[in-house]
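K.L.:
Below you'll find the structure I mean.
Computed from the coordinates by the stated procedures, all read-outs in this text should not be read as laboratory data. Bear in mind the structure is a predicted one, so any value in this text is a computation, not a measurement. All Cβ positions, glycine included, derive from the backbone under ideal geometry; neighbour counts span all protein chains shown.
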Amino acid sequence: MLDLFPKEKIILELPDAVFEYYPNFFTNDEADNLFIKIRNETNWQHDEITIFGKKMLQPRLTCLFGNEGKPYSYSGITMHPNPWNPTLVFIKEKIETIAQHSFTTVLANLYRNEKDSNGWHADNERELGRNPIIASVSFGEVRKFQLKHNNNPDAKLTLNLYPGSLLLMKEGSQVHYKHQIPKATQSKKDRINLTFRTIL
């Protein structure tokens with residue numbers, strides 16, 4: 001498991017895709033303050049999704065923010081964006097400076113405890129284009145994040161996503177890989193994850 005604390009960018013050594021990890025993208029104080037603001041400012045919803053033809057409640061709470069007229073669909077649901085607020089615009093603009101990419105939408109995820117999770121998937125919905133760039137920033141509790149290549153069983157990785165960290169999943173990441181946040185075996189407090197994406 002990759003478990004480091006440098007301030008600089010870490011290039012994850014995986015084939016066929018570009019992954020960049022910034023463990024301290026926000027300072028501890030910034031991360032704590034942003035967690036509280038996002039937690040309190042978000043109208044969290046608990047949607048029913050369809051997995052392999054079976055309907056179930058998502059094992060986390062979500063909320064979509066973004067540009068007007070840019071809905072986002074996945075797992076049998078269509079979400080319509082709430083307008084950007086100053087907190088999310090601040091985060092978005094800081095990420096865009098590093099990513100050199102403009103994002104139209106952010107999906108906010110609230111993992112309430114160790115039982116909340118997000119199974120193996122790629123962010124490859126049609127409205128994101130053929131080879132999307134995804135920026136994932138984390139606040140609150142530390143959770144494990146796992147990557148695996150679609151065809152190469154040796155190309156896989158587990159790392160801890162710390163509060164204030166940023167993971168950029170760039171070219172090839174959603175074409176050749178799947179990722180997940182597994183359930184944890186130990187007790188976990190709230191974690192908020194923001195995944196910025198561009199809807200075409």
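K.L.:
Cβ under 13 Å from E20's Cβ, E20 left aside: what net charge do those residues give with Lys, Arg +1 and Asp, Glu -1?
P.N.:
-1
K.L.:
Give, in nm to one decimal, the length gained when the segment between K144 and R130 is fully stretched (0.36 nm per residue of separation minus the Cα-Cα distance).
P.N.:
Fully extending the segment from K144 to R130 adds 2.3 nm.
K.L.:
Still on this structure, please answer the following. In percent, what relative contact order does the chain have, based on Cα pairs under 8 Å that are 6 or more apart in sequence?
P.N.:
Result for the chain is 28 percent.
K.L.:
So for each of 18-24, 116-122 I average, over its residues, the number of other beta carbons within 10 Å; can you give me the resulting order with the highest mean first? Please list the in-between numbers first.
P.N.:
Numbers: 18-24: 18.9, 116-122: 15.7.
Going from most to least packed, we get 18-24, 116-122.
K.L.:
Could you give each residue of region 57-63 its phi-based ³J(HN,Hα) in whole Hz, using Karplus coefficients 6.51, -1.76, 1.60 with θ = phi - 60°, and x for Gly or Pro?
P.N.:
Going residue by residue, I get 6, 4, x, 4, 9, 9, 7 Hz, with x marking Gly and Pro.
K.L.:
So, one more: Amide H neighbours of K188 under 5 Å, counting only residues 5+ apart in sequence or on other chains, H built in-plane at 1.01 Å?
P.N.:
For K188, the qualifying residues are E114.
K.L.:
Moving to a separate point now. With no solvent and one point per C-alpha, what does the Debye sum give as log10 I(q)/I(0) for region 46-103 at q = 0.30 Å⁻¹?
P.N.:
So the normalised log intensities work out to -1.16.
K.L.:
I need the phi-derived Karplus couplings for region 84-97: 6.51 cos²θ - 1.76 cosθ + 1.60, θ = phi - 60°, integer Hz, Gly and Pro marked x.
P.N.:
With the stated coefficients, region 84-97 comes to 4, 10, x, 4, 5, 5, 4, 5, 4, 5, 5, 5, 4, 5 Hz.
K.L.:
Taking one equal scatterer on every alpha-carbon of the chain, how large is log10 of I(q)/I(0) by Debye at q = 0.08, 0.13, 0.14 1/Å?
P.N.:
-0.24, -0.67, -0.80
K.L.:
Here's another thing I want to ask about it. For region 17-24, what does the Karplus curve 6.51 cos²θ - 1.76 cosθ + 1.60, with θ = phi - 60°, yield as ³J(HN,Hα) per residue in whole Hz, taken in order and with x for Gly and Pro?
P.N.:
So the Karplus estimates, Gly and Pro as x, are 7, 10, 10, 10, 10, 10, x, 10 Hz.
K.L.:
Take the alpha-carbon centre of region 124-198, take the same for region 12-37, and report the distance between them in whole Å.
P.N.:
11 Å
K.L.:
Something else about it: For I11 and D29, calculate 0.36 nm times their separation in residues minus their Cα-Cα distance, and state this gained length in nm to one decimal.
P.N.:
Gain in length upon complete extension: 4.0 nm.
K.L.:
Multiply the residue gap between W44 and I77 by 0.36 nm, knock off their C-alpha separation, and tell me the result in nm, one decimal place.
P.N.:
Working: separation 33, 0.36 × 33 = 11.88 nm, distance 1.53 nm.
Here the segment from W44 to I77 would lengthen by 10.3 nm.
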